[in-house]
Ligand code: KIV
Ligand code: ZN
């Protein structure tokens, strides 16, 4: 039986707090509709102490989708936690997510606190949050640069204080998969069934997804991630990538989520329309080119059997169809198929002529639009008919 992994979406919090990604309350509510439809298990809607808008967004999302588990972020202090309690007052399934940094570098330069002080504050914060909310998550910020013995001590203490989920973030995207997997494995062993171990990876070295997957292979059961991988600096682990890795490679990753993958692309598209940038064209799963084929050899294989060059069926992630891009690398097969789709039927000889004209033009351009191809094909057919008449 595949093991269940919970998807904690933080598009509306970690994602939204990054440059170019801020959203208004109504925009967050619209995005939340897509996330709920997608089937995320927990939806982090904001950081209430940060702004009135964040607080309102948490409340609006919780009211609009009462059946969803809605989380609000709070630092490990009374003011933040009470702001989260207030924002979540109407939520039927509230989660308070409280955090404090645990690495020596953060303790020394940012917090100017001792390990004991941080431990005490973490425990006190979880106890306070538990007075208002049954579902409390604790995050040890910068866990991957924290001394493992101390991290284990903090993790055990917050669970004793009432945390149900312990999140061990790679806040600065510094870890590598085998190291992160080992750290998670040790904490999972130490906590046993007393709490769910969660992961939250940033992509500074491009390893956020790989690290998240290494973590679940070592016992973590919650992944924090965002649509299109948006988030602080280089972003967070991309939700669509972790989910599709588990779906596509269930032989190596025998885990199950509740995500309805057909909503991945629509969710990505909506997010793109709400913020200032979209995913890069070659982004896995949701990028413009994720299901586009240009090279002649690839197009030929694809037309004979899709799976020669595609490991995911586009419709399964909500992408309408694969694209055969006609450019200077394309072959005759793809050109003939495109002309047929555009309603122009060609003889073998006409196709040869068209192909010659097409490659000469494609060499000078980045790609040809359908209208240009249709015009060129019609022109070629007309020329070939005219030369036949002249010859007779
Ligand atoms: O990256 C991080 O450590 C965070 C925490 C607040 C969970 O975003
Ligand atoms: Zn983060």
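Quick note: the coordinates plus some simple rules give every number you see, no bench work behind them. Computed from a predicted model, the values in this text were never measured in an experiment. Using ideal geometry, Cβ is built from the backbone for each residue, glycine included, and neighbour counts are taken over all protein chains shown.
In the chain, helical runs assigned H by DSSP with n ≥ 4 each contribute -39500 (n - 2.57); averaged across all residues and rounded to the nearest 500, the mean residue ellipticity at 222 nm is -14000 deg cm²/dmol.
When only Cα pairs under 8 Å and 6 or more residues apart are kept, what is the percent relative contact order across region 292-391? Write down the numbers at each step before the final one.
Working: 89 pairs, mean separation 26.8, N = 100.
The value is 27 percent.
Arrange 224, 356 by Cβ neighbour counts within 10 Å, fewest through most, would you? Mind showing how you got there, number by number?
Working: 224 29, 356 11.
Fewest-to-most Cβ neighbours within 10 Å comes out as 356, 224.
Find the relative contact order for the chain and round it to a whole percent, using C-alpha pairs within less than 8 Å whose residues are 6+ positions apart. Provide the component values of the computation, followed by the final result.
Numbers: 760 pairs, mean separation 53.3, N = 392.
Relative contact order, the chain: 14 percent.
Build a GNM of the chain with springs between Cα atoms under 10 Å apart, and of 266, 19, 169 the one that fluctuates most is 19. What angle, in degrees between 0 and 90 and rounded to the nearest 10, separates the Cα long axis of helix 52-64 from the longest principal axis of the Cα atoms of the chain? Orientation of helix 52-64: about 80 degrees from the principal axis.
Against the chain, whose longest principal axis comes from its Cα atoms, helix 239-248 is set at around 70 degrees. Between 90, 236, 370, which gets the highest mean-square fluctuation from a Gaussian network model of the chain, Cα cutoff 10 Å? Taking springs between Cα atoms under 10 Å, the residue moving most is 370.
From least to most packed, judged by other beta carbons within 10 angstrom and beginning with the fewest, 339, 201 follow the order 339, 201. Which of 153, 17, 217 ends up with the largest GNM mean-square fluctuation for the chain, with Cα atoms connected below 10 Å? Residue with maximal mean-square fluctuation among 153, 17, 217: 153. Exposure proxy for 1, 246: other Cβ atoms within 10 Å of each Cβ, ordered fewest to most, give 1, 246. By how many degrees, 0 to 90 and rounded to 10, does the Cα axis of helix 208-217 deviate from the longest principal axis of the chain? So the inclination is approximately 60 degrees.
Here the relative contact order of region 101-188, from alpha carbon pairs under 8 Å that lie six or more residues apart, stands at 32 percent.
For region 3-274, give me the percentage of DSSP beta bridges that are antiparallel, rounded to the nearest 5 percent. Spell out each step's value before the answer.
Working: 1 of 36 bridges.
Within region 3-274, antiparallel bridges account for around 5 percent of the total.
Per-peptide packing, taken as the mean over residues of other Cβ atoms within 10 Å, places 267-278, 72-83 in the sequence 72-83, 267-278 from highest down.
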